[in-house]
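Enquirer: Let me give you the structure first, and then I'll get to my questions.
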Amino acid sequence: MTSLKNLLLIVLMSLPVLDVSAQQHDSNHTTYFRSIDNIGSLNGQAGTSLQLETVNGIEMRSWFAGVGAGLDYYRFRSVPLFIQLRKEIGKKESKFFLYGDGGINFAWAFPRQKMRYANNDVVRNGVFAETGLGYKFCINAHNALLITAAYSYKKIVETNQVFLGYAPGRISDQSRYDYNLNRMAIKAGWEF
């Protein structure tokens, strides 16, 4: 956990405070392209793990809609691909926001994460969902620091087939494990 805190501190300190934007703000346009990059900690019964994600989309007034992808190391390594909808609350530059993510979790398990007694163990894709509350600290018109607390859900299915004999026509038994992984997420991010 200490190394995760140190990594988070290093990443936050090394983020450049540059005026980067896909479009200039002016009074005639209310739609902007935004990119959000997050690093976070996933905490649950299976321990604490790293989460990385990027979301890119369109902001219109106080709404944001985008497509995101990431790396999720909780219990099984996976790659979530999701849609995010976010609503900012308030009139000030720095403000609270609510968001929800929904999509697919593509399994990409390390060999050590699979069951050890079955050579034909398969980890399958599942569902990814997340909802949270955050605060947006505006740096300037194009950059903001984001702090988020969220509930995150990940489902992964693991199956394996165990053979119970060596004779021709041998009998096999298939096992299926449904992992419904409920986690709390704490994230820091940069919006530009």
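The values are calculated or read from the model by the stated rules, or taken from the named source; none is laboratory data. These numbers were taken from a predicted model, which means no experiment stands behind them. No Cβ is skipped: glycine too gets one built from the backbone with ideal geometry, and neighbour counts run over all protein chains shown.
Enquirer: Kindly indicate the residue of the range 51-99 that is basic (Lys, Arg) and in a strand (DSSP E or B) and also surrounded by the fewest Cβ atoms within 10 Å (Cβ to Cβ) among those meeting that condition.
Expert: Per the stated criteria, the residue is 87.
Enquirer: When you scan the range 39-48, do you find a residue that is within 17 Å of residue 191 (Cβ to Cβ) and modelled with pLDDT of 50 or more, even just one? If you could, list the steps in order and put the result at the bottom.
Expert: Taking the range 39-48 as the starting set, the residues that turn out to be within 17 Å of residue 191 (Cβ to Cβ) are 39-40.
Next, only the ones that are modelled with pLDDT of 50 or more stay: 39-40.
Scanning the range 39-48 turns up at least one residue that is within 17 Å of residue 191 (Cβ to Cβ) and modelled with pLDDT of 50 or more.
Enquirer: Can you name the condition, by its number, that residue 162 falls short on among (1) at pLDDT 90 or above; (2) β-branched (Val, Ile, Thr); (3) over 26 Å from residue 47 (Cα atoms)?
Expert: Failed condition: (1).
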